[in-house]
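Presented below is the structure to which this report refers.
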Amino acid sequence: MKLYFSNEFLGDIHNISVEGMWINAEIIPSKNIDKFTDFFAAIVDEENDFEETNYNEEWLDDSNWYIIDNENRKKGIYIPAVYPNREISWRWR
């Protein structure tokens with residue numbers, strides 16, 4: 001599977017597991033993911049008061065996030081949680 005924001009490839013996803021409504025996996029990031037580092041850090045930091053105004057409006061729009069599955073089908077997701085250790089969690093839209 002592959003993670004995309006808009007038309008930007010952000011990484012390959014593997015070692016997938018499902019826990020309730022959440023899908024958990026590992027991501028092998030592309031260099032395109034670098035600009036999202038602070039954004040993802042803020043999302044996964046439970047002690048952080050996430051300020052939407054600090055980030056690009058397009059990044060906050062769920063319709064811009066999706067996964068291409070192994071059969072080349074595009075599937076929408078909510079904004080994913082990407083952790084510093086390169087774990088990723090998401091829910092399907």
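The values are calculated or read from the model by the stated rules, or taken from the named source; none is laboratory data. Note that the coordinates shown come from a computational prediction; the quantities given were computed from them, not determined experimentally. Cβ: placed from backbone, ideal geometry, glycine included. Neighbour counts: every protein chain shown.
So here's what we get for this one:
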| quantity | calculated |
| --- | --- |
| Segment 23-47 residues that are on the phi < 0 side of the Ramachandran plot, paired with ones that are part of a helix (DSSP H, G or I) (beta carbon under 7 Å, 6 or more apart) | Phe39/Trp59 |
| Selection from segment 1-54 of residues that are aromatic (Phe, Trp, Tyr), farther than 17 Å from Lys74 by Cβ and at pLDDT 95 or above | Trp22, Phe36, Phe39, Phe40 |
| Selection within segment 56-77 - of a type in the set (Asp, Glu) and within 18 Å of Ala25 (Cβ to Cβ) | Asp69, Glu71 |
| Residue ranges of strands (runs of 3 or more DSSP E) in segment 1-65 with at least 3 members among the β-branched types (Val, Ile, Thr) | 8-19, 22-29 |
